[in-house]
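Quick notes on the structure that follows.
None of the figures in this text is laboratory data; all of them are computed from the coordinates on show. Being a predicted model, the structure only gives us computed values, none of them experimental. A quick note on method: Cβ atoms are made from the backbone with ideal geometry, for glycine too, and the neighbour counts reach across all protein chains shown.
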Amino acid sequence: MTSQSTPRHSLEGLELLSSAVIILDSDSRIVYANAAAENLFESSVKALVSQRLGDLFLNGDHLADVFEEALQHRFADKRLDLTLERAGREALQVHVIVTAVDNPETPVLIELRENVQQLKLDREERLLDQSQANKELIRNLAHEIKNPLGGIRGAAQLLEFELPERQLKELREYTQVIIKEADRLQTLVDRLLAPHRRPHIVGDVNIHEVCERVRSLIMAEFPQGLSIKRDYDLSVPEFRGDKEQLIQAVLNIAHNAAQALSKQIKGGDAQITLQTRVARQVTLAKIRYRLALDLHIVDNGPGIPPDIQDRIFYPLVSGREGGSGLGLTLAQTFVQQHMGVIECTSKPGCTDFRILIPLP
């Protein structure tokens, strides 16, 4: 049976599995791959059949060694987590189950499942690294901008003061533009530096008090056409944190959502949901926590544009005309100061910001 594929109709049950399954002959060549394997390897059965397993990956030697062990019946089945590197494509984080089969023509069956937890950890690590780099960049850039701003504003004021009376009315318009724009930039710089300047004031935090404060602020600004649904788990315990920072973080997200719902608000069917739950056995920044706050801010708006979904927490990235692109950056910073993280999934009709913070 070497170099020939196993008839798919004889293995129909494997076609129904969500995990990738491949069957190898005694020469380590693929004779069968199910539909999930085609999706995982991003390749058709025709392209996969007759290839050696180890040749599919840049680091396939380890799999080849395990295949040899299975061929010699050193184990019935073996489980391992691997990172399989591919040329020109993203590496696969997979949990692999290698099974020795009592069939000389097809002696080895391998099942591969994407290791979602590892992918999540890697993504969180990248986010933390990016966030740290962004904070350093922002802090340095803000200081570099801040220093000459005072001089520019002061020079414009001095120039206005020194203008002759006959020119004051004519030229004051221009000096005022300089002063107002310098003030606007000063406000922007202050917002950039705010998380690094303000002390972290720790106390007991009830997350539902935070949500209710945010709800009242949003409803005051958007009294018509917007409803804010509460879906609270009152068993969520209090935890130690900075209440004002968390209010600001949740407010930034909810306010962005409300602004994105302008069309729905006009139609009277805009909705934001504040949902609290307790998540169990959560890993944040490689640390395992028994309990965590699981807070969702969900809206039924148009969704975040796909081209910026991976960059929404970067500073100065905004999907809204006139937006500063700082609200989500500050929200992520405040949540990270509580050892937590913000995640986001978005599609038209449902954008879900999820805040995870360790609980005692």
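Observations on the model:
- Fully extending the segment from V101 to E181 would add 21.4 nm, taking 0.36 nm per residue of separation and subtracting the current Cα-Cα distance.
- Candidates per GluC sites (Glu not before Pro) in segment 19-83, loop by DSSP, up to 14 other Cβ within 10 Å: E42
- Efficiency of FRET from Cβ geometry, L17 and M339, R₀ 30 Å, rounded to 0.05: 0.20
- Compared with the direct C-alpha span, the chain from E85 to R52 gains 10.4 nm at full extension, assuming 0.36 nm per residue.
- Long pairs among K263/K347; K146/K347; K180/K347; K266/K347; K229/K266; K78/K286, criterion Cα-Cα beyond 28 Å: K146/K347; K180/K347
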